[in-house]
Amino acid sequence: MVEGEDAESLNEDENLNEHSTDEQSTGTSEDSEKKEEKKDYIKWVEFNVSYDALDQAYQYDVESYDKDVHVNWIELLAYLGATYGGEFKNYKSSDMSKLVERLQGKEETMETITADMKYYSYYLEAYTAVLGGLVGEYEIEQKEDTSEECVWVKKYGLKAFLPIAKNFPYNDYDDFGVSREYGYKRRHLGHDMMGQVGTPIVAVESGYVEAIGWNQYGGWRLGIRSFDGKRYYYYAHLRKNFPYNKELKEGSIVQAGDVIGYLGRTGYSATENVNNIETSHLHIGLQLIFDESQKEGNNEIWVDCYNLVRFLYRNRSETVKDTETKEWHRIYNMKDPAAEEYKKTQSKAEQ
């Protein structure tokens, strides 16, 4: 399986800013044409949305949630993506403000505004794949003002979490694409967050465990798939001897903010449970999947999540240690509607 640290460099000759698709078969017979129908799905995404753009779009979304015109943060970003050709280096907050003013004026809609924008649909689909499960309705426990007891509160907003638990230090920088040479020369297709061994690692988004175990490049690692199937979160170099929450196994359902493992420095060895990484850190990778053929191999799409991680810093899961089991657990539980819906679907399938 090709994951994160083990993923080969993708073809850099691809047009990064257009929605590229498979070429349709030119078979001579009608039967072969039916068998080789054109597959239309995104082949490449370069996620260059700036932190400032993420922050501003998110604020507009949340602030307008209960208003007559609720603006969708992903649609705002897709409009600017199509306007800027995917590059946010020259991002201006006024560009987004003017768009929101047009929408809230009620004389225009996003559909009418973008009707003649050639690549808007591409950026909408691409950015939805990156951000689709991060914002929405959810319930979370919080303490009442007058007591220490927790009550369930319904909210709308960011329901994803920074992968490093609250009150644990870390440092990072944008290292996506830098060279790696263990095994073979390749690009770093993830984001490293340096911290202390044993730091609790939490799930960024709710999902199910798709991969768990040893990978010679990533060491002890976890792969968690979003319920819509679009995002695969890769958490690598977990702690020697105690890498995971012991309750986890393949197929386990996790809520965003749950403790899933512990920071370490395992990997770079075909032998299991070896510390061959010099600096303890979490490697977090985000893979996008528009077609299952992209899950493994040379057609994988990994995106730079540095600005996304900066954005997620506002939501950190507070944890506490169980002195008997040595496990860390979140203090305030959450109910994600996406997880509840997935459980219902699984239950019906089993019946």
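The values are calculated or read from the model by the stated rules, or taken from the named source; none is laboratory data. These numbers were taken from a predicted model, which means no experiment stands behind them. For neighbour counting, all protein chains shown are included, and Cβ atoms are generated from backbone atoms with ideal geometry for every residue, glycine included. Heads up: the accessible areas ignore ligands, DNA and RNA and are worked out on the full protein's heavy atoms, side chains in. Shrake-Rupley method; radii C 1.70, N 1.55, O 1.52, S 1.80 Å.
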Query raised in the report: Just wondering, is there one or more residues in the stretch 302-325 that are at pLDDT below 95, among the polar types (S, T, N, Q) and closer than 23 Å to Gly190 by Cα?
Result: no
Query raised in the report: Would you say Ile277 is touching a residue at least 12 places away in the same chain (Cβ under 8 Å), in a strand (DSSP E or B) and aliphatic (A, V, I, L, M)?
Result: no
Query raised in the report: When you scan the stretch 70-127 for helices (runs of 4 or more DSSP H) that lie fully inside it, which ones turn up with 3 or more residues that are in contact with a Leu (Cβ under 8 Å, 6 or more places away or on another chain)?
Result: 73-84, 93-104
Report task. Might you let me know whether the stretch 169-180 holds any residue that is of a type in the set (A, V, I, L, M), under 21 Å from the mean Cα position of the chain (by Cα) and surrounded by 15 or more Cβ atoms within 10 Å (Cβ to Cβ)? Result -> no
Query raised in the report: Is there a residue in the stretch 261-282 that is among the small types (Gly, Ala, Ser), open to solvent by less than 10 Å² (accessible area, probe 1.4 Å), at pLDDT 95 or above and in contact with a Lys or Arg (Cβ under 6 Å, 6 or more places away or on another chain)?
Result: yes
Query raised in the report: Among the residues of the stretch 213-224, which ones are touching a residue at least 12 places away in the same chain (Cβ under 8 Å), surrounded by fewer than 20 Cβ atoms within 10 Å (Cβ to Cβ) and not in a loop (DSSP other than H, G, I, E, B)?
Result: Trp214
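Yes/no per residue for (1) touching a Gly at 6+ places or on another chain (Cβ under 8 Å); (2) buried (at least 16 other Cβ atoms within 10 Å of the Cβ):
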{"residue": "Tyr60", "(1), (2)": "no, yes"}
{"residue": "Lys67", "(1), (2)": "no, no"}
{"residue": "Val71", "(1), (2)": "no, yes"}
{"residue": "Ile74", "(1), (2)": "yes, yes"}
{"residue": "Gly81", "(1), (2)": "no, yes"}
{"residue": "Tyr84", "(1), (2)": "no, yes"}
{"residue": "Met96", "(1), (2)": "no, yes"}
{"residue": "Glu108", "(1), (2)": "no, no"}
{"residue": "Asp116", "(1), (2)": "no, no"}
Report summary line: Expected output for the stretch 183-201 (first residue in a strand (DSSP E or B) and open to solvent by 10 Å² or more (accessible area, probe 1.4 Å), partner among the hydroxyl-bearing types (Ser, Thr, Tyr) and modelled with pLDDT under 90, Cβ below 7 Å, 6+ apart or cross-chain) is Arg187/Ser9; Arg187/Ser179
Query raised in the report: Taking the stretch 303-351, which residues are of a type in the set (Asp, Glu) and within 18 Å of Ala53 (Cα to Cα)?
Result: Asp304
Query raised in the report: Given (1) hydrophobic (A, V, I, L, M, F, W, C); (2) without any contact (Cβ under 8 Å) to a residue 60 or more places away in the chain; (3) farther than 14 Å from Thr128 by Cα, where does Leu77 come up short, assuming only one miss?
Result: (3)
Query raised in the report: Among the listed residues Thr128, Thr146, which satisfies the condition of being hydroxyl-bearing (Ser, Thr, Tyr) and over 26 Å from the mean Cα position of the chain (by Cα)?
Result: Thr146
Query raised in the report: When the stretch 139-194 is examined, which residues are found to be among the basic types (Lys, Arg) and modelled with pLDDT of 95 or more?
Result: Lys154, Lys155, Lys159, Lys166
Query raised in the report: Out of all the residues in the stretch 101-139, which are under 20 Å from Leu158 (Cα atoms) and of a type outside the set (Gly, Ala, Ser)?
Result: Leu124, Glu125, Tyr127, Thr128, Val130, Leu131, Leu134, Val135, Glu137, Tyr138, Glu139
